[in-house]
Structure formats: structure tokens, C-alpha cells
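Q: Before anything else, here's the structure in question.
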Amino acid sequence: MGWRAEAKNRMQPPQGNYTPPPAGRDTALPPEIPHHETLKWIGGGSYGEVWLARNIMGVHRAIKVISRSRFESDKPYDREFAGVRNFEPVSRTHEGFMDILQVGRNDSEGFFFYVMEAADDQVSGQVIDSETYKPKTLMSEFKANGRLPFQTCLRIALSLADSLQHLHGHGLVHRDIKPSNIIFVNDIPKLADIGLVTSSTDAATFIGNSVGKIRMPRQAGGRARRTGRRTRPPPPGRIRSPAGSHG
Ligand SMILES: Nc1ncnc2c1ncn2[C@@H]1O[C@H](COP(=O)(O)OP(=O)(O)O)[C@@H](O)[C@H]1O
Ligand SMILES: [Mg+2]
């Protein structure tokens, strides 16, 4: 039996109220996260799953779990981990970043995780009821409200521009700015999904290769090639403009 199947066998259903992912995802159960009770699967992308959890102090957190099995080889998985390691101390230096509060890695079970602040609930903000919880992101705002008021767009755009300036000042670039990665905590828009953050020198190394095309590191065996996702980060205006024209 491979390590992944063994890991699945070792997972135990969480106690109490637990809302699993919808059928079809390959992760029915969350891995065990030290000192946290996993309450609910919130969402997932190509490489990770996000869970709502409660720590031993009773505070709600969001935990992103990144599985080795989602990657073709160790290299992109380790690069994802390195991105988290680079960003973790920086995350708490600006209110426009999603705080990373704890990072853990379990090589025998093939995953690493990081604990974040939980996004506001779409209805009740930081008053979180795990049964009904739905995180408030810029994407959820578009879906719920369509076109956002100009003042709201301006506030979000200015806040993000400031966050990005701060990130770049630390020699880091984000590379996946999109509405679902802009997450509200106490109504402040925060940049999330820092697994995609890389040092700007690493990114620059791959820009402008011999055929004159932009080639970011992930195209050399990582996320971009597998998912076909756009590799050049859009300028902040690209986030602002759907906010103002959607619906
Ligand atoms: N800190 C957080 N608090 C609450 N929900 C979150 C948090 N981070 C991510 N999420 C939710 O988890 C979903 C999945 O996140 P992710 O795996 O990064 O994929 P994507 O960003 O492509 O949606 C997000 O769309 C968002 O709704
Ligand atoms: Mg994300």
C-alpha cells in the first residue's frame, strides 16, 4: 500500500459536528491538525483544501492543507512550502495580508498545512457559526451583489495597492491575485494564498527567456503548466475593473 493510501486509512472522522467536502473531492476527511478541531471543509483549489477549525482557545481559524499527492514531484511541492516559509513572518507585518499563525509539516502522511485567520462570514462577520459559515471573499461579494459601489471598489483597490507595495518591498511577489484570493477579515481586504508568493529575484530569473516569452518558475514543472492558469500576475487594476463592471 502506498503512503497516500496508508495516510487515508489513518485519518479518523472528527468528533462532533463535522461538515465534509462535497462528494467527488478526493479528500473526504481532514488530516489531524495539532491543537485544532476541524469543523468544516470550506473550499479547495488544485493543490490544497481549506478547512474551518477551532483551536483549543475556542477561536475559529482557517487551515489550508497542501498535499504532496497533488504534485508531480517533490520539487514543486517543496517550492510551495518554501513560499509559505518566506511569507510566514512577513504576513503579520501588514494588515492587508492574511496572517499566517502556524505552519506544520507531516512528511510521513504527505502534507503540510498553515493556520490562518478565518475570513469574515458573508452575513455575520467575525461572529462565526460553523454550521452556516461562508467566507467573505471578493469573489463571494461579486456573486452576492454583482457590481460593487464605486467607493467600495476604490477602497479595495487602494488597500490592495498598498499591500502589494509592502509585499514587493520585502522582495516578494504574489503571482495569483484574483477575487477568491482577496479575503475580508473585519471588513479589511487581505491578500491570501501565499503559497504562490515567491521572491522577486526567483521570478525575475525566468522572465524574458531566449524566445522572448514570459516564463515563470511554475511552468518548469509546477502549478502553471498543469492547470493552464495565467502565469503573469494581473496589475491591481485588473482586480478593480471586474469589481466595477460585474453584474
Ligand atoms: N483564511 C480563510 N478563511 C476563510 N476561508 C478561506 C480562507 N482562505 C481561503 N478560504 C476559502 O477557501 C477557498 C479555497 O481556497 P483555495 O484552495 O486557495 O482556492 P481558490 O483560491 O482557488 O478558491 C477560497 O475560495 C475561500 O473561499
Ligand atoms: Mg486561494
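The values are calculated or read from the model by the stated rules, or taken from the named source; none is laboratory data. Only a predicted model underlies this, so the values are computations on that prediction, with no experimental measurement involved. Positions of Cβ are backbone-derived with ideal geometry, glycine not excepted, and every protein chain shown enters the neighbour counts.
Q: Select from segment 178-192 the residues that are surrounded by fewer than 22 Cβ atoms within 10 Å (Cβ to Cβ) and outside any strand (DSSP E or B) and write down the one among them that is farthest from ligand 1 (Cβ to nearest atom).
A: Once the filter is applied, the top-ranked residue is D187.
Q: Within segment 193-206, how many residues are modelled with pLDDT under 85, within 14 Å of the chain's Cα centre (by Cα) and in a loop (DSSP other than H, G, I, E, B)?
A: Summing the residues that are modelled with pLDDT under 85, within 14 Å of the chain's Cα centre (by Cα) and in a loop (DSSP other than H, G, I, E, B) in segment 193-206 gives 1.
Q: Can you say whether T19 is under 22 Å from V127 (Cα atoms), modelled with pLDDT under 90 and of a type in the set (S, T, Y), as far as the supplied structure shows?
A: Yes, satisfied.
Q: Something else: Please work out which one of (1) modelled with pLDDT of 90 or more; (2) farther than 30 Å from G171 by Cα; (3) crowded, with 18+ Cβ neighbours inside 10 Å is the condition V84 fails and give its number.
A: (2)
Q: Which of the residues that make up segment 94-109 are closer than 14 Å to A192 by Cα and either part of a loop (DSSP other than H, G, I, E, B) or basic (K, R) (or both)?
A: H94, E95, G96, M98, D99
Q: Now for a different question. Somewhere in segment 61-81, is a residue touching a Ser or Thr at 6+ places or on another chain (Cβ under 7 Å) and either surrounded by 22 or more Cβ atoms within 10 Å (Cβ to Cβ) or assigned to a strand (DSSP E or B) (or both)?
A: no
Q: Here's something else I'd like to know. Is there a residue in segment 110-128 that is assigned to a loop (DSSP other than H, G, I, E, B), more than 16 Å from ligand 2 (Cβ to nearest atom), surrounded by 18 or more Cβ atoms within 10 Å (Cβ to Cβ) and in the same structural domain as T38 (by TED's automatic domain parsing)?
A: Yes.
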